[in-house]
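The values are calculated or read from the model by the stated rules, or taken from the named source; none is laboratory data. Keep in mind the model is a prediction, meaning the values are calculated, not measured. Ideal geometry is used to build each Cβ from the backbone, glycine not excepted, and the neighbour counts take in all protein chains shown. Remember, those area values only see protein heavy atoms, side chains included, never the ligands or the DNA or RNA. Shrake-Rupley method; radii C 1.70, N 1.55, O 1.52, S 1.80 Å.
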Amino acid sequence: MKRGWFLPIVATLGFGFLYAPIVSLIVFSFNESRLVTVWGGFSTRWYGELLNDGQMLAAAWISLKVATIAATLATVIGTLAAFVLTRFGKFRGKLLMTGMITAPLVMPEVITGLSLLLLFVSMEMLLGWPAGRGLTTVVIAHATFCAAYVAVIAQSRLRDMDESLEEAARDLGAGPVRVFFDITLPVITPALISGWLLAFTLSLDDLVVASFVSGPGASTLPMVIFSKVRLGVSPDVNALATIIIVIVAVAVTIAGVLLMRQSKTAR
Amino acid sequence: MSALDAPPQASLLRPVLMGLAGLVAVALIGWLALPANIAVLLTSLVAVALACLAFTRFMGWSDRWMVIAIPLVWFVTFFLVPFFVLGRISLSEVAIAIPPYTSLWERAPDGTLEIIASFDNYLFLLSDSLYVSAYLSSIKIAAISTVLALLLGYPIAYYIARSPEPRRSILLLMVILPFWTSFLLRVYAWIGFLRRDGVINNILSWLGVIDEPLVMMQTDFAVYIGIVYTYLPFMILPLYATLVKLDDALLEAASDLGATPTVTFLTVTLPLSLPGIIAGSMLVFIPAIGEYVIPTLLGGPDTLMIGRVLWDEFFSSRDWPVASAVAIVMLILVVVPIMWLQAVQNRQEKNA
């Protein structure tokens, strides 16, 4: 097929559109001036200010804790859901389960946040648990929508996987639990790692759901950033963004290499 | 070898012992390293799972249901049940209490149970033009953004799908990469771009294209940009997935039969990529309807979106019942697109 000029130009523009704001974010984080858009010379001053911002650091620590626990929970639940949907054939509730792992992916966050908050409040009135809102409620909320993402990733990996391996193990007398832990789990591990990483970043990133279900003393990092950003641009947010982007770029590259190696060995 | 020697029937003792060991391990790690409330949560989750396992084994049921039950119960409890709670609270009235709404049941003096439920909140939504126009304006903004994302995303997805490896994988990774960085910070980045003294105005006036800075912040235009920007990967990925499966032989056949590239595109490529177009559009349209962060940070005071109305109703007015009614109506709006998305995905699974 003849290659036209149209596609490369649009693709270049598209990638420029995707990356230009990120690049400018990084560039202006090294700006001396407080005015984010006027260049005042190179400086790492805002990184220093970030390290002295106690509220920001406390929020970052809370977010890291929440993200680690929520991503781990989400990976367990999501993997089980994906396994059940791909390996168990037909069962009652299958359609319901398929719906419940698709819907959270697109559900507007304000609905998820508000409905979970009302659930927690009602549960507290009926059962006395969870007592108040804070870390626990944010973890549950994040684990729920992250599990849906993990389930989608794990599902596509489980479907691509060569099922004859599992059959062979079963023919040799291994029980279902043993087949899962000795055959299935090692094969899908790279997908689960990238699922965990995705869940981790989604949890770290969430503002809306956390704002609804969080309580006093459990402000996550996005909540603190949002309250700062609402008042206008500030260079220390740029510095924070740069740090996050660097960490994410490294993590995604590792995950990408893992997945690529995985798909090569799978073929 | 050992697998052959193992007794085929499920034994009760081993899994229970392993489970107990797991419980102790989780409890130990939990209490030592995690905040107390999280440790309680994890320990009770494992304990509940263990109790269920012991019960199913004791009753002689298959373990299959046990495995199904864990994710099913979790999603039903924390995804499905909340919608019923939402519906229930949308029928109560706001009250000065903790929590700030009236109860649905009341015990009358003669001991009978009275149900107090009213559709007043929904009637209120209909009577106040603010809500109706917020819904309509949300749908309009989401639809325009979806079309813009499709127009930009389709050529990019097509270009990636037609690229040779390894460039294809690298470009794909480049599309996904921004999606992994903070959504909030990517929206924030556009403030620096669109402001009166922002990057775009600086470059344009330096080039001499404009004398007066363009007003871009706090307009609907900025909201469109923000939505297209943050949701573009969701559009590109499903499009790419259908386009990469496109059989070259079909395109060759069309051109051998004399079709021009435009005709080939319209009659072969476009129809075959329809599932990707629908999936991508729904993945942008549905969450964009309820978007809160983008209109708040980039839009102006007159940018009316229902997510913002719900947020203000909840956080500023503290009217939980009306906020719930707003959410229920929004839920009804997005249910049809969600079911459409699911139908498309199911059909693709069957074809795969």
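Numbers below:
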{"read-out": "Rounded, prolate or oblate (a/c below 1.5 giving rounded, otherwise prolate when a/b exceeds b/c) for the range A:69-266 by Cα gyration tensor", "value": "oblate"}
{"read-out": "Cα convex hull of chain B, projected area averaged across orientations, nm²", "value": "31.4 nm²"}
{"read-out": "Probe 1.4 Å, accessible area per residue of the range A:84-171, Å²", "value": "38 Å²"}
{"read-out": "Residue-averaged beta-carbon neighbours from other chains (10 angstrom radius) around B:226-238", "value": "1"}
{"read-out": "Chain B - percent of accessible surface contributed by carbon and sulfur, probe 1.4 Å", "value": "71 percent"}
{"read-out": "Positive-pole candidate from B:M282, B:P164, B:S90, dipole of chain B, charges at beta carbon", "value": "B:P164"}
{"read-out": "Relative packing of B:281-294, A:159-172, which averages over residues the other C-beta atoms within 10 Å, highest first", "value": "B:281-294, A:159-172"}
{"read-out": "Accessible area per residue in Å² at 1.4 Å probe, computed on the range B:127-183", "value": "41 Å²"}
{"read-out": "Inter-chain shielding of A:15-25 (mean C-beta neighbours from other protein chains, 10 Å cut-off)", "value": "6"}
{"read-out": "Chymotrypsin sites (Phe, Trp or Tyr not before Pro) within the range A:1-109, DSSP loop, no more than 15 other Cβ atoms inside 10 Å", "value": "A:W5, A:W39, A:F88, A:F91"}
{"read-out": "Cβ crowding within 10 Å averaged over residues, with B:214-220, A:143-149 ranked highest first", "value": "A:143-149, B:214-220"}
{"read-out": "Summed buried accessible area for B+A [probe radius 1.4 Å, Å², rounded to 100]", "value": "9000 Å²"}
{"read-out": "Other protein chain Cβ atoms within 10 Å, averaged over every residue that makes up B:296-305", "value": "1"}
{"read-out": "Dipole of the range A:69-266 [Lys/Arg +1, Asp/Glu -1 at C-beta], most positive-end residue of A:G175, A:V152, A:M123", "value": "A:M123"}
{"read-out": "Of B:I200, B:V334, B:V268, farthest towards positive along the dipole that unit charges on Lys, Arg, Asp, Glu beta carbons give chain B", "value": "B:V268"}
{"read-out": "³J(HN,Hα) computed for each position of the range A:102-109 - Karplus, 6.51 cos²θ - 1.76 cosθ + 1.60, integer Hz, glycine/proline x", "value": "8, 4, x, 5, 10, 4, x, 4"}
